[in-house]
Amino acid sequence: MIVPIPAVVPPGRMSQTEQPVFGLANGLELRPWCLDDAEVVMESCQDPDIQHWNRPGHLSLDDARDRIARWEKRWRTEEAAIWAIAEPGGGSPVGLIGLADFDLDGGSAEFLYWLLPAGRGRGAVVDAVVSVSRWALEDLGLHRLRITHSVANVASCRVAEKAGFALEGTMRSALLHSDGWHDEHLHARVQGDAWTW
């Protein structure tokens, strides 16, 4: 007799709750994106570093509004959880962090993030990765979180290491950027890993 393995995260655990807001140690906060943030999303696509490492494309203001609406819908359909890294009290976003590639049955998800120049150098992404990781592992109930990045993206490697994500290996020629194929590092954190923050 085959006994089915139950889902690690039961359906509805995300969608039946509001997306949380988190205060960060550096004074910033994580909050859901709103349509008023569309200009920031549009402008982020013009930043050379964001364009190179994240491939967001070029968005019009309407495209940016559509993307924000899709992020909200993806929370409700339990496909992704995307936050603005923003000045507190509903202030302007300086970056994005989220989990996508959800496998709630299998208990895993992958990080994505970027920062505008105004948010860089403040430790915002490391703090945000740790906050979202605690929520994903302790509250949502995921088992494994991944960070992948080009081996040439030294800043992302530092973020993963500082946030306590172990380097598990290098995937050869796994990621296409505008300058060609890149090898990609794979970092992960699993349930039970010690918190350094």
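Of the residues A136, A84, A118, which is outside any strand (DSSP E or B) and either closer than 19 Å to H187 by Cα or open to solvent by less than 20 Å² (accessible area, probe 1.4 Å) (or both)? Steps first, answer last, please.
Numbers: A84 fails: outside any strand (DSSP E or B); A118 fails: either closer than 19 Å to H187 by Cα or open to solvent by less than 20 Å² (accessible area, probe 1.4 Å) (or both).
None of the other options fit; the residue is A136.
Does M42 qualify as being outside any strand (DSSP E or B), within 25 Å of A124 (Cα to Cα), of a type outside the set (S, T, N, Q) and in contact with a Leu (Cβ under 6 Å, 6 or more places away or on another chain)?
Numbers: outside any strand (DSSP E or B): yes; within 25 Å of A124 (Cα to Cα): yes; of a type outside the set (S, T, N, Q): yes; in contact with a Leu (Cβ under 6 Å, 6 or more places away or on another chain): yes.
Answer is yes for this residue.
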**Prompt:** Which of the residues that make up region 144-185 are within 14 Å of H52 (Cβ to Cβ) and charged (D, E, K, R)?
**Reply:** D179
**Fill in**
Within region 70-81, the residues that are open to solvent by less than 50 Å² (accessible area, probe 1.4 Å) and of a type outside the set (D, E, K, R) are W71, W75, A80, A81
**Fill in**
Taking region 37-69 and the residues there that are surrounded by fewer than 18 Cβ atoms within 10 Å (Cβ to Cβ) and touching a strand residue (DSSP E or B) at 6+ places or on another chain (Cβ under 9 Å), the one that is farthest from A84 (Cα to Cα) would be H52
**Prompt:** Identify, please: which residue in region 142-197 is of a type outside the set (K, R) and in a helix (DSSP H, G or I) and is, among those, most open to solvent (accessible area, probe 1.4 Å)?
**Reply:** E161
**Request:** Return yes when P10 is surrounded by fewer than 18 Cβ atoms within 10 Å (Cβ to Cβ), at pLDDT 90 or above, under 19 Å from the mean Cα position of the chain (by Cα) and assigned to a loop (DSSP other than H, G, I, E, B) and no when it is not.
**Result:** no
**Asked** Mind checking whether some residue in region 117-127 is of a type in the set (D, E) and out of contact with any Lys or Arg (no Cβ under 6 Å at 6 or more places or on another chain)?
**Response** yes
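The values are calculated or read from the model by the stated rules, or taken from the named source; none is laboratory data. All of these numbers come straight from a predicted model, not from anything done at the bench. Positions of Cβ are backbone-derived with ideal geometry, glycine not excepted, and every protein chain shown enters the neighbour counts. Just the protein is used for accessible areas: all its heavy atoms, side chains included, with ligands, DNA and RNA removed. Shrake-Rupley method; radii C 1.70, N 1.55, O 1.52, S 1.80 Å.
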